[in-house]
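I have placed the structure first, in the form of structure tokens, so that the comments after it can refer back to it.
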Amino acid sequence: MAQALAQAQAAAVLGEVPVGAVVVKDGQVIAAAHNAPREQCDPTAHAEVLAIRAAAAALGNERLDGCELWVTLEPCAMCAGAIVHARIARLYYGAGDTKGGAVEHGARVFAQEACLHRPEIYPGIGQDQAAAQLREFFRERR
């Protein structure tokens, strides 16, 4: 989670919402990314999506079987959908997101009967630090 938090800090420095993600396979980080929708002029450039894309390219496979995704904020519905399609084995995330989250909140994508794949979910990892990064980022902008 420390590497995901560092990615989130990098996003904040660039004026992006501080969310970071890393994909781990067999104990090794194979991809890391941070939010970049403004930088890339792409509303889908969330940390999770960018990390999943990079991991798929690194492995040469769209299926990330056996991979873990570590992210600082509860994934939104779009990112949860990407997690499903990538077949991520385990999801670890920091802060919950009552407004945009779709794991424990909102759409609860993985709880839907039609969900094709359900990762193991481990919420609250690094929650305090991730939430503090987000609070500080938005406090500076208000």
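The values are calculated or read from the model by the stated rules, or taken from the named source; none is laboratory data. A quick note: this is a predicted structure, and the numbers were derived from the prediction, not measured. Heads up, the Cβs are rebuilt from the backbone with ideal geometry, glycines too, and the neighbour counts pull from every protein chain shown. Protein only, heavy atoms only, side chains kept; ligands, DNA and RNA dropped before computing areas. Shrake-Rupley method; radii C 1.70, N 1.55, O 1.52, S 1.80 Å.
In the range 32-57, the residue that is least open to solvent (accessible area, probe 1.4 Å) out of those that are assigned to a helix (DSSP H, G or I) and acidic (Asp, Glu) is Glu48. In the set Ala12, Ala21, only one residue is within 20 Å of Glu136 (Cα to Cα) and in a strand (DSSP E or B); that residue is Ala21.
Contact annotation: residue pairs with Cβ atoms under 8 Å, 6 or more positions apart or on different chains, pairing a residue in the range 116-140 that is in contact (Cβ under 8 Å) with a residue 12 or more places away in the chain and of a type outside the set (Gly, Ala, Ser) with a partner that is in a helix (DSSP H, G or I) and open to solvent by 40 Å² or more (accessible area, probe 1.4 Å), are Leu116/His85; His117/His85; Gln133/Gln9.
The residues listed here are Leu50, Leu64, Leu59, Leu91; of these, the one that is touching a residue at least 40 places away in the same chain (Cβ under 8 Å) and among the aliphatic types (A, V, I, L, M) is Leu64.
Here is a yes/no grid of residues against (1) of a type outside the set (Val, Ile, Thr); (2) at positive phi; (3) modelled with pLDDT under 95:
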position	(1), (2), (3)
Thr44	no, no, no
Ala57	yes, no, no
Gly66	yes, yes, no
Ala80	yes, no, no
Ala86	yes, no, no
His117	yes, no, no
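Take Arg38 and tell me if it is among the basic types (Lys, Arg) and more than 21 Å from Ala10 (Cα to Cα). Spelling it out, it is not the case that Arg38 is among the basic types (Lys, Arg) and more than 21 Å from Ala10 (Cα to Cα). Of all the residues in the range 58-84, those that are open to solvent by 30 Å² or more (accessible area, probe 1.4 Å) and hydroxyl-bearing (Ser, Thr, Tyr) number 0.
Can you find a residue that is closer than 21 Å to Gln3 by Cα and open to solvent by 30 Å² or more (accessible area, probe 1.4 Å) anywhere in the range 106-119? Within the range 106-119, none of the residues are closer than 21 Å to Gln3 by Cα and open to solvent by 30 Å² or more (accessible area, probe 1.4 Å).
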